[in-house]
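Here the structure is laid out as structure tokens; the discussion comes afterwards.
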Amino acid sequence: MTDEQIAKEIEGGQAVLGIEFGSTRIKAVLINSANEPIANGAFDWENSLVDGLWTYSLDEIHNGIQTAYARMKAEAKEKYNVKLTKLKAMGISAMMHGYLAFDKDAKLLVPFRTWRNTVTGQASEELSKLFGYPIPERWSIAHLYQTILNKEAHVPSVAFFTTLAGYVHRMLTGEKVLGIGDASGMFPVDSSTKDYNKKMISQFDSLLAPYGFGWKLEDILPKCLEAGQDAGKLLPEGAKWLDADGDLEPGIPLAPPEGDAGTGMVATNSVAVRTGNVSAGTSVFAMIVLEKPLSKAYNGKIDIVSTPDGKDAAMAHANNCTGEYDKWISLFSDAAKRLGAEFDKGKAYRILLEAAMKGDKDCGGLIPFNYISGESMTGFASGRPLFVRKQNAAFTLENFMRAQLFTALGALRTGMNILFDDEHVSLDRLTGHGGFFKDQDIGLPVMAAAMHTPVSAMSTAGEGGPWGMALLASYLVNKNGKSLPEWLNSAVFSSAKIQTVEPDKADVEGFEKFFADYTKALAVEKAAVENVD
């Protein structure tokens with residue numbers, strides 16, 4: 001599509017917008033009628049540890065989305081010489097889970113508690129036992145029940161609770177809704193009814209009956225919607241909340257707000273059974289759409305969530321991925337600049353990560369842990385970044401960087417062993433996306449070694465979730481009666497460029513040796529958590 005054609009689409013209100021709140025970046029992606037990205041804008045942010053809890057303030061959320069939108073709008077103006085005032089559709093997505101609770105006047109009762117908080121262990125254990133279904137510590141229902149167990153004063157005043165995507169969507173539309181994928185990370189859903197599990201809601205209400213709260217669970221949960229269903233329209237006040245310039249016209253239809261797991265599935269065309277995707281960035285998770293239910297619950301290890309169109313998917317999730325090697329690359333870059341080197345951030349990443357590919361296959365006896373926060377998969381409520389090396393280790397830059405890449409996937413591999421080895425889950429395709437795959441010549445072979453299975457990436461791998469959310473918004477208004485998998489195959493991925501890497505035998509053997517050392521050294525990480533504040 002030519003720039004002139006794109007300009008006409010923007011001016012005519014035919015472009016579609018997706019905005020996703022990631023852990024370290026809020027990104028807005030504008031797409032054309034061919035579902036191709038045509039402009040984007042981003043805002044970098046970081047969560048804060050306040051009173052022992054990871055959070056973002058409502059002001060940060062608002063400033064972040066306004067800034068990302070403004071930068072996308074400015075890029076569209078610069079590239080196509082047209083002001084963005086109308087959209088055909090839009091949608092909001094964000095990191096899943098967490099806890100945003102409001103009273104009847106829409107006042108936030110306690111600071112936003114993100115998925116990263118691993119302080120709901122008692123609630124997670126008790127609810128998993130009650131339901132006979134895994135309720136991870138990250139899930140919104142675990143956060144809610146933990147506040148009850150903690151006897152927090154705000155609980156009787158809760159009139160509504162939701163996720164980050166649900167909050168932003170409500171600010172734009174006034175609607176208390178969630179896409180089924182994001183909803184499935186709040187409370188278990190039933191794939192046959194495409195709604196919350198009624199039996200478990202009844203069990204939870206019975207559990208809470210002695211407390212005498214003036215609400216029942218179904219009253220305070222957002223409504224659950226499938227991909228393609230109407231989720232409301234942009235209100236005049238919502239348009240002003242998003243676009244500080246006041247140029248954006250209200251009335252735009254919005255797709256159901258989704259979680260980053262669902263948008264990752266869409267962005268990698270992994271919503272059909274026997275497909276899977278790996279999203280790797282600040283956190284890392286693998287999603288596999290199941291042919292049949294798992295044989296049993298794996299509490300704290302494997303989550304069961306939904307695709308945006310309501311199919312069951314198994315998720316192995318790790319809180320920590322690239323955050324620690326980001327810090328090491330920053331440190332090495334600072335040292336190099338002090339020695340007089342001149343380079344940009346991209347070159348620093350490229351050079352250091354390329355070095356990793358020249359290291360010993362097993363990392364030469366270097367064993368880092370990237371646990372900036374806790375890691376439920378391996379049993380840690382909190383974490384301490386750690387670096388250990390054997391006495392006879394080959395301590396080289398190449399091995400150091402390779403070990404950083406391998407440890408970024410260590411906790412994920414712990415969970416994937418359950419799906420591959422214990423449950424014998426079959427895959428036709430495993431597709432990677434997110435920052436880990438920006439350099440596919442590095443991300444793909446490392447992931448293939450860790451997963452001991454072929455891994456693919458598309459040319460759009462770096463677009464990730466924001467593009468996936470834009471696609472869901474496009475599906476809302478362009479589906480023409482097709483199912484989500486049918487529409488993605490025909491309208492988006494029919495001519496996709498895909499690169500697939502088979503696992504190299506030596507790389508697999510090297511990762512296996514590293515992973516054995518990693519697993520054994522978890523005792524060292526445990527000691528660090530217990531003895532280093």
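The values are calculated or read from the model by the stated rules, or taken from the named source; none is laboratory data. Please read all numbers here as calculations on a predicted model, not as lab measurements. Note that each Cβ is placed from the backbone with ideal geometry, even for glycine, and that neighbours are counted across all protein chains shown. What goes into the accessible areas is simple: the full protein's heavy atoms, side chains included, and nothing from ligands, DNA or RNA. Shrake-Rupley method; radii C 1.70, N 1.55, O 1.52, S 1.80 Å.
Computed quantities for the displayed model
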quantity: Which listed residue, of 383, 434, is in contact (Cβ under 8 Å) with a residue 24 or more places away in the chain and at positive phi; calculated: 434
quantity: Any pair with Cβ under 9 angstrom, 6 or more apart, that starts in segment 145-162 at a residue that is closer than 15 Å to residue 125 by Cβ and ends at one that is hydroxyl-bearing (Ser, Thr, Tyr) and outside any loop (DSSP other than H, G, I, E, B); calculated: 145/124; 146/99; 146/124; 148/211
quantity: Residue under evaluation residue 116, criteria (1) in contact with a strand residue (DSSP E or B) (Cβ under 7 Å, 6 or more places away or on another chain); (2) closer than 30 Å to residue 202 by Cβ; (3) of a type in the set (D, E, K, R); (4) modelled with pLDDT under 95, criterion not met; calculated: (2)
quantity: Within segment 373-392, considering residues that are at pLDDT below 95 and of a type in the set (A, V, I, L, M, F, W, C), the one least open to solvent (accessible area, probe 1.4 Å); calculated: 377
quantity: Helices (runs of 4 or more DSSP H) wholly inside segment 192-302 that include at least 3 residues being open to solvent by 40 Å² or more (accessible area, probe 1.4 Å) and touching a residue at least 12 places away in the same chain (Cβ under 8 Å); calculated: none
quantity: Hits in segment 421-442 - residues which are surrounded by fewer than 18 Cβ atoms within 10 Å (Cβ to Cβ) and at pLDDT 90 or above; calculated: 421, 422, 424, 441
quantity: The listed residue being buried (at least 18 other Cβ atoms within 10 Å of the Cβ), within 15 Å of residue 510 (Cβ to Cβ) and at pLDDT below 95, out of 447, 451; calculated: 451
quantity: Complete set of residues in segment 456-490 that are under 19 Å from residue 229 (Cα atoms) and open to solvent by 40 Å² or more (accessible area, probe 1.4 Å); calculated: 477, 478, 479, 480, 481, 482, 483, 486
quantity: Residue in segment 307-328 that is closer than 26 Å to residue 426 by Cα, of a type in the set (Ser, Thr, Tyr) and outside any helix (DSSP H, G or I) present; calculated: yes
quantity: Residues of segment 480-497 satisfying the condition of being in contact (Cβ under 8 Å) with a residue 12 or more places away in the chain and either aromatic (Phe, Trp, Tyr) or in a loop (DSSP other than H, G, I, E, B) (or both); calculated: 483, 487, 493, 496, 497
quantity: Strands (runs of 3 or more DSSP E) within segment 1-75 that include 1 or more residues exposed (fewer than 14 other Cβ atoms within 10 Å of the Cβ) and without any contact (Cβ under 8 Å) to a residue 12 or more places away in the chain; calculated: 48-50
quantity: In segment 498-531, the residues that are outside any helix (DSSP H, G or I) and either over 21 Å from residue 377 (Cα atoms) or among the charged types (D, E, K, R) (or both); calculated: 498, 499, 500, 501, 502, 503, 504
